[in-house]
Amino acid sequence: MGIYVIAEECTGCRECVQACPTGAIEVFEDIAVIGSACNLCGACVNICPFEAIKIEVERAGVKAEGYKGVWVVSEQREGRLMEVSLELLGEGRVLAEKLGVDLSAVLLGSGLDHLIGKLISAGADRVYLADDPGLKDYQGDTYTRVLVDLIEERKPEIVLIGATMIGRALAPRLAARLKTGLTADCTGLDVDQDGKLLQTRPALGGHIMATIICPDHRPQMATVRPKVFKKIDPDLTRQTSSVWQAGLVRQAGSARQAGSARQGEVIRLQPRIEEADIRTRILEVVKEMKGEINIAEADIIVSGGRGLGRAENFKIIEELAATLGGAVGASRAAVDAGWISSYHQVGQTGKTVAPKLYIACGISGAIQHLAGMQSSECIVAINRDASAPIFDVATYGIVGNLFEVVPLLTGELKEALK
Ligand SMILES: Cc1cc2nc3c(=O)[nH]c(=O)nc-3n(C[C@H](O)[C@H](O)[C@H](O)COP(=O)(O)OP(=O)(O)OC[C@H]3O[C@@H](n4cnc5c(N)ncnc54)[C@H](O)[C@@H]3O)c2cc1C
């Protein structure tokens, strides 16, 4: 892909200079010159009144033949499935039904037979299981090798991965090896009439939603953060929805989850793990968060923002959270101020959460914060500014000074919960 200026057409009008968001264009002797800061966004091409700037795109030609099926790379840690993998199977199920293809879960690790039924119950028609002591803990080199081998052999058209710490490391490695595209942190997935994956995610600092396609390469790859999609209630599989019946009839498999009507196929893989591939060794796993509630999985979150004024004031947030048995969240402003660690940040560049109750204290409700919490079931906002945007998404709003309201609330709840 490259960009060039047709000197004979360019008049040096400077329209492109104004339009370039990276300041990559200068005009010398009435001809635009494009510098190395260019990110090929195409703004100059669109604005040029003389059609003097061109972007050449190398089209590889569609390499979609033979690619079929939706896959979810299912993440486990210490033999426990990450919730996001179940949520992705729920969404993957919808995509697979729309495309009329199977949904497969891919599971890597050691001693994982107990998870097979859970994956099928969560929507998978098939489980590819690479069970090997060498895969016990996530290891970039080996996991990439095993997955690349499998994807090249079986050719899924869509691969979905949870945007966890591990998923964020793994997905780009896979995409680079497979020479395909990857859309990170999608907030919506769908397929168009040609069966292409429509990957929607916030862009330009969260101000627009962009829908991205991967037209020429396969598989189409996307990561999705926890809590963006809902996992399937296993009981739904017993109902007579046509979608689920279709899933059931098509499969004659070898695994069944207790209490669930779904059946599926299990394919056990013989992973190729070569010593030469392993460049790092895990000596010890040290857990950063000890005894704290994981905000991505909490049912109740009490969050504090810049309105708290200083780090020590997070105490009142912690006290309310502890009274409710919830976790502590924060806006990026509070994190950037160094009042609390980034582990607690909710929002576009933090965690996406969807608790039953989200209490926002001294948080204005910037679009990037809302992106991470607005699907919470019940939102309570406490802010002294009645026009703060957080009230637009709040179920209950309390206009007042948080230093009065929060301790009052904590006191009342302590009494009520005695
Ligand atoms: C690319 C990008 C990504 C971003 N990602 C995130 C993200 O992941 N998460 C995130 O949160 N932000 C993110 N931001 C920052 C975001 O735009 C806002 O700047 C941030 O959310 C503001 O945090 P805040 O609401 O705590 O602070 P402010 O916007 O300053 O709001 C403070 C609020 O506290 C209220 N207040 C003050 N004192 C009191 C009091 N005593 N009692 C009651 N209310 C009081 C004020 O009325 C005000 O509404 C991102 C920005 C960009 C550009």
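The table that follows gives values for the structure above.
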{"read-out": "Residue that is at positive phi and either surrounded by 13 or more Cβ atoms within 10 Å (Cβ to Cβ) or touching a Leu at 6+ places or on another chain (Cβ under 7 Å) (or both), where the choices are Gly372, Gly397, Gly365", "value": "Gly365"}
{"read-out": "Condition met for Pro271 (at pLDDT 70 or above and assigned by TED's automatic domain parsing to the domain that holds Gly111)", "value": "yes"}
{"read-out": "Filtered residue count, the stretch 34-58, keeping only those that are β-branched (Val, Ile, Thr) and assigned to a loop (DSSP other than H, G, I, E, B)", "value": "1"}
{"read-out": "Pair list, Cβ under 6 Å, 6 or more apart: the stretch 328-345 residue within 17 Å of Ala298 (Cβ to Cβ), other residue more than 10 Å from the ligand (Cβ to nearest atom) and of a type outside the set (Val, Ile, Thr)", "value": "Val328/Glu318; Val328/Ala321; Val328/His344; Gly329/His344; Ala330/His344; Ile340/Phe314"}
{"read-out": "Single match in Val406, Val328 (criterion: touching a His at 6+ places or on another chain (Cβ under 7 Å) and more than 7 Å from the ligand (Cβ to nearest atom))", "value": "Val328"}
{"read-out": "Yes/no for Glu319 being in contact (Cβ under 8 Å) with a residue 60 or more places away in the chain, at negative phi and under 23 Å from the mean Cα position of the chain (by Cα)", "value": "no"}
{"read-out": "Options Ser104, Ser85: the member that is among the hydroxyl-bearing types (Ser, Thr, Tyr), without any contact (Cβ under 8 Å) to a residue 60 or more places away in the chain and within 25 Å of Ile232 (Cα to Cα)", "value": "Ser104"}
{"read-out": "Which listed residue is in the same structural domain as Leu95 (by TED's automatic domain parsing), closer than 16 Å to Gly350 by Cα and of a type in the set (Lys, Arg), from Arg225, Arg177", "value": "Arg225"}
{"read-out": "Test: residue in the stretch 362-372 that is more than 9 Å from the ligand (Cβ to nearest atom), over 20 Å from Gly205 (Cβ atoms) and not assigned by TED's automatic domain parsing to the domain that holds Pro202", "value": "no"}
{"read-out": "Hey, Leu308 near the ligand (Cβ under 8 Å from one of its atoms) and out of contact with any Lys or Arg (no Cβ under 8 Å at 6 or more places or on another chain) or not", "value": "yes"}
{"read-out": "Members of the stretch 13-33 found to be surrounded by fewer than 16 Cβ atoms within 10 Å (Cβ to Cβ), in contact with a strand residue (DSSP E or B) (Cβ under 7 Å, 6 or more places away or on another chain) and in a helix (DSSP H, G or I), listed by number", "value": "none"}
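A quick yes/no check of all residues on (1) under 30 Å from Val266 (Cβ atoms); (2) at pLDDT 95 or above; (3) charged (D, E, K, R):
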site: Thr22; (1), (2), (3): no, no, no
site: Ala32; (1), (2), (3): no, yes, no
site: Asn46; (1), (2), (3): no, no, no
site: Ala105; (1), (2), (3): yes, yes, no
site: Leu112; (1), (2), (3): yes, yes, no
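The values are calculated or read from the model by the stated rules, or taken from the named source; none is laboratory data. Being a predicted model, the structure only gives us computed values, none of them experimental. With ideal geometry, Cβ positions are generated from the backbone for all residues, glycine too; neighbour counts draw on all protein chains shown.
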